[in-house]
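Reading through the structure tokens given below for one structure.
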Amino acid sequence: MDCHTLILTGAALSALSGWPAVALPARSSTGQSLAALMNVAGCGLGLAAVWMFFVDGPAAPLSCPSPVPGSDFIVAMDGLSAFFLAPVLLVCGLASIYGLQYWPQREGAANARRVSFFLGLMTAAMVVLVVAGDGLLFLFGWETMAVSAMFLVATEDQLAETRRAAWLYIAASHLATLSAFGVFALLYSQTGSFTYSTLPDSTSAAAVGMAALALFGIGTKAGLMPVHVWLPGAHAAAPSHVSAIMSGVMIKMGVYGIFRVASFFPEIPLSWGLLTLAVGTISAVLGVAFAIGQHDIKRLLAYHSIENIGIIVMGLGLALVGRATGHAEWVLLGICGGLLHVWNHALFKSLLFFGAGSVIHSMGTRDLDVMGGLGRRMPTTATCFLIGAVAICGLPPLNGFVSELLIYLGLFGAIQADKSSMASAAAFAAPGLALVGALAAACFVKVYGIVFLGAGRSERTARVHESGPAMTGPMILLAGCCALIGVAPVLFAPALDQAASTWVAADAGLNARVAELSLSTLAPLVPVSIVAGILFALLAVGTIVLLRRVRTSPKSLTWDCGYAAPSARMQYSSSSFAQWLVGLFGWALRPRIHLPKIDTLFPADVDFESHVDDTVLQRAVNPATRFFMWLFGLSRHLQQGSLQVYLLYILLIVVGLLLWKPAGS
Amino acid sequence: MFDSLSIHSVLHVLTVLLFPPLLLGVINRTKAMFGGRRGRPLLQTYFDLAKLLRKESVFSETTTWVFRFGPVVGLATALVAAMVVPLGHASAPLAFNGDVILFAYVLSLGRFFTMTAALDTGSAFEGMGAAREATFACLAEPVLFLGLLVLSRISSSLEMNALLGDAVARGWHASAAPLLLVAVCWFVVLLVENCRIPFDDPNTHLELTMIHEVMVLDHSGPAFGMIIYGAAIKLFVFVAMIVNLVLPFRTGNSLLDWIVFLLGTLFVAVLVGTVESVMARLKMAEIPKLLIGAGVVSLFAVILLLSYP
């Protein structure tokens with residue numbers, strides 16, 4: 001059995017995993033268990049296929065006739081798709097297990113069956129999308145994924161907010177679908193087939209159109225900054241394990257689309273590379289800036305997805321700059337940094353969403369400002385969340401550091417480039433990435449501190465309990481993966497090399513030079529492991545010294561500068577922690593601040609509130625939508641609902657056509 | 001990546017472990033001289049550390065293991081950062097391509113846990129300190145990286161030893177202006193990262209106006225000792241970078257070079273003390289302006305360097 005048969009069998013198993021639950025009674029949990037079992041089995045088979053691919057190399061493509069005459073559906077796994085498949089399969093499988101306790105069928109009845117059904121379908125759709133070797137099968141998987149995700153976002157459709165989020169999601173998602181159709185239609189016009197292949201040139205209008213549609217159209221799905229508007233609401237509204245899939249892997253499908261389309265071009269103009277790099281940097285900086293202002297733990301994590309997609313696209317931009325200027329090492333560093341960040345983000349972001357889900361499951365709310373001190377009551381969740389937080393900030397010795405290091409190496413390479421080359425401009429992304437890292441650290445100190453540390457800010461925190469093993473197990477596994485990539489990145493270098501050489505294959509001249517390089521010689525992967533070892537050793541020594549030196553430690557209150565009766569309400573809140581940074585980014589965030597004026601000597605109780613809404617949604621998309629509603633509303637006058645009026649319209653048009661004489665006839 | 005375990009590596013480790021607390025003493029003595037006082041002994045920080053290690057710790061009931069772990073991470077990360085920075089002519093024992101990124105990020109890791117430990121106490125004051133530290137770090141980090149861009153272009157390398165090594169001496173001939181700007185901006189980074197006046201006053205008595213000191217209000221005993229020691233090492237690391245930048249000259253005699261380097265660090269410490277003595281603390285709201293200003297100047301340095309033929 002070759003890897004294609006194996007992965008398609010797995011995908012079929014995942015796609016069918018929801019049926020038993022639909023057939024069985026709504027209140028029985030057997031259906032959900034079966035669904036989870038089948039989806040995990042499907043994902044397991046898929047991972048085996050990916051492993052087989054990396055060990056045995058590519059298999060012969062499969063093809064079968066498609067509904068479109070003259071075109072076949074082609075299944076062809078290559079280095080790039082195998083690389084994207086691994087996180088899809090891992091995260092979807094774990095999410096099924098997590099859902100058993102997070103969204104149990106016994107409590108959720110009807111919508112739990114829906115979640116099981118569409119979760120399996122979405123897994124299969126993503127697998128099909130990635131293994132596709134032609135545009136038609138890609139679109140088939142893409143649309144199935146987009147629609148399944150819509151039903152998953154709308155799980156709690158009794159809430160108006162959820163329905164709004166689902167509508168916004170499906171509208172934005174179809175914009176991306178439309179762009180994908182455009183991309184493959186243009187591919188057909190250039191090469192005469194929907195099969196992935198190299199374009200004849202990169203300068204024709206069609207090629208430029210493909211590039212623009214990929215970055216800004218398919219980029220909608222990925223959540224790049226100006227076109228991210230659907231993302232925060234949809235991630236917040238969906239159940240947490242679905243958010244983990246959406247943020248961890250579904251938006252990566254948009255990234256996959258961009259990477260795939262970029263691999264079609266035989267050469268890349270420098271301006272494309274610099275533009276991509278700029279879009280990525282802006283996305284990363286503003287994504288994290290918006291995240292800092294949020295009070296809703298899931299909206300906050302959603303904005304971090306925008307940030308991380310930005311970092312991935314920075315890697316791509318660097319690789320494109322490298323291709324434009326013929327620097328093979330930037331290509332390798334950029335593409336490997338971006339791709340490794342795809343894995344890393346899938347791991348730590350789904351870990352963080354699982355952690356957030358565990359908190360929400362226990363607290364019953366997503367509001368950060370009523371939490372506090374949960375670390376003592378749910379130690380496993382807290383520790384796993386902390387590992388995810390350190391990883392997402394790109395700090396050593398975890399995985400986020402490795403991928404950001406690769407991108408930094410490339411960007412610093414750009415500053416050392418030849419004199420008077422515009423490529424040096426790429427280096428200005430490096431301080432941007434440093435800013436992103438510092439902002440992310442600020443944001444995750446805030447989240448972790450407000451949720452898990454300090455004293456509880458509401459009654460509810462006293463009733464919190466640790467989640468069950470089906471929820472903590474996947475978190476522990478993901479945390480372990482984060483640590484593994486961080487400590488031994490060299491293990492993953494061969495897979496990255498292979499994906500990079502697949503990506504650059506269209507560029508005949510550069511291909512050979514990239515093949516000569518290898519990531520493990522270009523980047524300090526072994527020193528990273530050694531530093532991680534030194535760091536762990538020092539931490540162990542420090543902890544032991546501290547534990548041995550600390551003698552009888554009488555417990556007491558927090559000192560609080562002599563105030564003997566501190567209350568939990570006096571703690572810093574998420575807004576107060578973020579206040580300064582939100583102020584510094586006020587030009588973009590436009591925070592809504594409700595600040596009561598106090599002008600009497602003995603004022604009554606007053607409230608202070610500040611919210612950071614999505615600026616693009618509020619200031620651009622919503623006004624534009626209202627304008628179009630008004631514009632199309634004008635045509636409503638034509639709709640009278642009486643048959644006679646419509647007959648009159650027909651008569652008028654017929655008369656008009658009779659009178660109309662086109663010139664020349 | 002490792003030098004053969006030469007005498008320099010041993011000296012490097014010993015210097016990093018033993019020398020940094022002296023800098024705090026020098027700064028304090030400078031400030032005392034400006035104030036017309038005799039000041040505390042130069043070795044006072046060593047005495048303080050010895051005393052703290054023998055004392056017992058008090059832990060608040062609100063805190064968890066994160067609170068105790070914070071000082072350990074702070075010290076461990078400062079030590080790792082000190083291992084990649086060359087001390088004068090002697091190259092660092094831990095060196096590889098890209099170690100400058102590690103340097104910045106490992107210090108971030110320490111900061112992350114210091115801030116987390118502060119939030120663990122549930123005190124408004126410590127939350128305030130953590131929020132300020134987080135904000136200023138966001139503004140200081142790009143300044144550091146813009147400086148690294150300049151040095152990376154001058155030295156065509158991304159390894160600390162080369163970045164702050166002989167290439168700097170050549171750089172002062174060919175492109176002195178950008179280097180000068182970087183040196184000034186990094187001095188600003190040194191002041192803000194190590195919580196000195198005009199950004200933060202380590203000796204202030206009012207918690208409301210503190211940044212770093214207020215984050216560690218609740219720490220006591222050996223844990224507090226680790227924090228002070230870690231802070232001294234971090235100060236030493238930044239001072240060493242400045243000294244590498246402004247004194248890239250070699251005498252040829254390695255003993256003499258060591259002495260020149262150590263005197264250089266003492267001189268920078270005197271400079272820090274002088275700044276602390278002659279300047280008032282900035283208003284809290286002015287701090288971002290100064291840091292953004294430093295960022296703009298560094299950006300200008302990069303553009304200036306790129307404009308050279």
Taking square-rooted eigenvalues a ≥ b ≥ c of the alpha carbon gyration tensor, is the range B:50-112 rounded, prolate or oblate, where a/c under 1.5 means rounded and, failing that, a/b exceeding b/c means prolate? oblate
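Hey, what number do you get for chain B at 222 nm if only DSSP H runs of n ≥ 4 count, each worth -39500 (n - 2.57), divided across all residues, to the nearest 500?
For chain B, the value works out to -23500 deg cm²/dmol.
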Top positive-direction residue, dipole computed over the protein assembly as shown with Cβ charges, set A:V612, A:L435, A:I653: A:V612
Suppose a student asked you for the relative contact order of the range B:1-139, using Cα pairs under 8 Å spaced at least 6 residues apart; what percent would you report? 27
Using Cα centres only, tell me the gap between the range B:259-309 and the range A:561-601 in whole Å. 31
The local net charge around B:T77, scoring Lys/Arg +1 and Asp/Glu -1 for residues other than B:T77 whose Cβ lies under 10 Å from its Cβ, equals +2
Between B:S254 and B:A50, what is 0.36 nm times their sequence separation minus the Cα-Cα distance? Round to one decimal in nm. 70.2 nm
Among B:M210, B:M284, B:M83, which one shows the highest mean-square fluctuation when chain B is modelled as a Gaussian network with alpha-carbon springs under 10 Å? B:M284
In whole Hz, the Karplus estimates of ³J(HN,Hα) for the range B:118-134 (6.51, -1.76, 1.60; θ = phi - 60°; x where Gly or Pro) are 5, 5, 5, 7, x, 8, 4, 5, 6, x, 4, x, 5, 5, 5, 4, 4
Which of the lysines could a cross-linker bridge to A:K661, judged by Cα under 16 Å and excluding same-chain residues fewer than eight apart? none
Non-local residues with an amide H under 5 Å from the amide H of A:F73, with H modelled 1.01 Å from N and Pro and chain starts lacking one, are A:C64, A:S66
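Show that you can apply the helix-only estimate: for chain A, add -39,500 (n - 2.57) for every DSSP H stretch of four or more residues, divide by all residues, and state [θ] at 222 nm to the nearest 500.
-22000 deg cm²/dmol
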Computed FRET value (nearest 0.05) for A:A160 with B:T204, which takes r as the C-beta separation and R₀ as 51 Å: 0.50
Residue by residue, what Karplus-based ³J(HN,Hα) values in Hz, rounded to whole numbers, does the range B:56-67 have, using 6.51, -1.76 and 1.60 with θ = phi - 60° and x for Gly and Pro? 9, 9, 10, 10, 5, 5, 6, 7, 10, 4, 4, 4
Grab the Cα-Cα distance for A:E466 and A:D367, subtract it from 0.36 nm times how many residues apart they are, and report the gain in nm with one decimal. 33.8 nm
Could you tell me the total accessible area buried at the B-A interface, probe 1.4 Å, in square angstrom to the nearest hundred? 6800
Other-chain or far-sequence residues with amide H under 5 Å of B:R281's (modelled H): none
Apportionment of accessible area to carbon and sulfur, the range A:615-659, percent (1.4 Å): 74
At 1.4 Å probe size, with every protein chain present, just tell me what the per residue accessible area of chain A comes to in Å². 38
Once label points are set 7 Å from the Cα along Cα→Cβ at both B:S156 and A:V208, what is their separation, rounded to one decimal in nm? 3.7
Among B:V73, B:G225, B:S277, whose Cα sits farthest toward the positive end of the charge dipole of the range B:7-307 (+1 at Cβ of Lys/Arg, -1 at Cβ of Asp/Glu, about the Cα centre)? B:S277
Which of the trypsin sites (Lys or Arg not before Pro) across the range B:256-303 are loop residues per DSSP, with 14 or fewer other Cβ within 10 Å? B:K283
May I ask for the distance between the Cα centers of the range B:148-175 and the range B:82-112, given as a whole number of Å? 15
Student exercise, chain B dipole from Lys, Arg, Asp, Glu Cβ charges, in Debye to nearest 20: 700
Extension gain (nm, one decimal) between A:E107 and A:T198, 0.36 nm per residue minus Cα-Cα: 27.6 nm
With a 1.4 Å probe and all protein chains left in place, how much of the accessible area of the range A:269-518 comes from carbon and sulfur atoms, in whole percent? 63
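For an R0 of 35 angstrom, estimate the FRET efficiency from the Cβ-Cβ distance between A:V55 and A:I544 and round to the nearest 0.05.
After rounding to 0.05, the efficiency reads 0.25.
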For the range A:535-606, which trypsin sites (Lys or Arg not before Pro) are in a loop by DSSP, counting at most 11 other Cβ atoms within 10 Å? A:R551, A:K597
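Can you figure out the FRET efficiency of A:L275 with B:A176, using R₀ = 60 Å and their beta-carbon distance, to the nearest 0.05?
0.95
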Cα-Cα over 25 Å, subset of A:K221/A:K298; A:K555/B:K234; A:K555/B:K51; B:K31/B:K55; A:K555/B:K283: A:K555/B:K234; B:K31/B:K55; A:K555/B:K283
Scan of chain A for chymotrypsin sites (Phe, Trp or Tyr not before Pro) in DSSP loops with at most 14 other beta-carbon atoms within 10 Å gives a longest site-free stretch of A:1-562
Count neighbours as other Cβ atoms within 10 Å of each site's Cβ, and list the trypsin sites (Lys or Arg not before Pro) in the range B:140-203 that are DSSP loop with at most 11 such neighbours. none
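The values are calculated or read from the model by the stated rules, or taken from the named source; none is laboratory data. Just so we're clear, the structure is a prediction, and the values are computed from it rather than from any experiment. When we count neighbours, we look across all protein chains shown, and the Cβ atoms used for this are built from the backbone with ideal geometry, even at glycine. These accessible areas exclude ligands, DNA and RNA; they are computed on the full protein's heavy atoms, side chains included. Shrake-Rupley method; radii C 1.70, N 1.55, O 1.52, S 1.80 Å.
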